[in-house]
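One structure is given below, encoded as structure tokens.
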Amino acid sequence: MVSTTAGLVGVIVAIGMGVFAIGLFMADLFRGNEVLMNIVFSILFFLMVSGFMWVSWNFQLKKDLFTYTHYPIRFNRKTRKVYVFRHNGPGGVLIVPWDEVFWHIGRGMQQKFLCDVRGHVMDGMRVKDTFAVGQYFDDSRIDRVQATWEFIRRYMEEGPEAVAEHPLDRIIEKSVKPSWKNCYLWVAASMGPGFVALRYVLFPLFYPIVGLLTLGRWLTLNSCKDPVWPPEVEAECQVEPNDPNRWEEPSYLWEFANHPGVAERNEERMRQQSENLER
């Protein structure tokens, strides 16, 4: 989010400087002033701006812009299959039997303190393919990675009734809709509770930063398209409209957090997790 926004701002500034430089060159050209020097300067400036834009695009922006809003993964307990979305079109979905995936806790290649639930598709002793599931956490909260895995395992091995120990745990927190509200809430949460708590004191700093990052996130997500599952996958994964285990999806992040008892249940669950870690 931060690097993509910075890249977008950098490209916009570079384009503006390029247009301004061309304007100066054209003005001097019409006046007949230092034509050769201006040509040399304009070529060098054009190469510099083009190089900056090429680096920004290849190393950051193309990973986020004009791709997909999210990359979903489906677990089908009836067919015992895992469906991993890669792209729309032929060969865009990896389908692998649940029992043939080597599950483990994966770590980031650059930021090794980040970890997630990861699956290897094996060919003997060789890793043929790999994918990550769900959200990543830093290794101080590895219990959340384990909890994600346990949720998936219970669903596939024991059924949907076993995934939530309490009715108030049957809540979806995240929303993938690229709305202004979702973008703002995600940015504000990413700033950390301390920074958010001081937002009125840090007014001149807080809102410009949050506003710029929100705009960058909104532009990024709205340049992307929604993933579309192939018809054969949709046919295999049909869910009955009246399925009692179908959880309601929020229209924005943490929409259900203020429902009666949810906050208290979350505090209780966090306290239980802390006690388990201490043991």
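For this structure, a couple of remarks:
- As a size descriptor, the averaged projected area of the C-alpha convex hull of segment 133-279 was calculated at 11.9 nm².
- Here each label is just a point 7 Å from Cα along the line to Cβ, and for Met270 and Phe113 those points are 2.0 nm apart.
- Computed over protein heavy atoms with a 1.4 Å probe, the carbon and sulfur contribution to the accessible area of segment 237-279 reaches 44%.
- Gain on full stretching of the segment that runs from Gln238 to Arg74 - 0.36 nm per residue minus C-alpha separation: 57.9 nm
- Gain in span if fully extended, Phe151 to Val176, counting 0.36 nm per residue against the direct Cα distance: 7.0 nm
- Across all directions, the average projected area of the convex hull around the alpha carbons of segment 31-123 is 11.5 nm².
- For Ile142, neighbours were defined as the other residues whose beta-carbon sits under 11 Å from its Cβ, and their charges (Lys and Arg +1, Asp and Glu -1) total -1.
- Taking every protein chain into account, the accessible area of the chain amounts to 66 square angstrom per residue (probe 1.4 Å).
- For segment 1-155, the residue among Val19, Met109, Ser42 whose Cα projects farthest onto the positive side of the dipole built from Cβ charges is Met109.
- Under 15 Å, Cβ to Cβ, from Asn222 - net charge with Lys/Arg +1 and Asp/Glu -1: +2
- Gain upon complete extension [Ser223, Phe46; 0.36 nm per residue less C-alpha separation]: 61.1 nm
- One entry in (i) 24.4, 81; (ii) 20.0, 70; (iii) 20.4, 65 is Rg and Dmax of the Cα atoms in Å calculated from the shown coordinates; its label is (i).
- Computed about the Cα centre, the dipole magnitude for the chain is approximately 640 debye when only Lys and Arg (+1) and Asp and Glu (-1) carry charge, each at its Cβ.
The values are calculated or read from the model by the stated rules, or taken from the named source; none is laboratory data. Every value quoted in this text rests on a predicted model; they were computed, and no experiment measured them. Heads up, the Cβs are rebuilt from the backbone with ideal geometry, glycines too, and the neighbour counts pull from every protein chain shown. Surface areas here come from the heavy atoms of the whole protein model, side chains and all, with no ligands, DNA or RNA. Shrake-Rupley method; radii C 1.70, N 1.55, O 1.52, S 1.80 Å.
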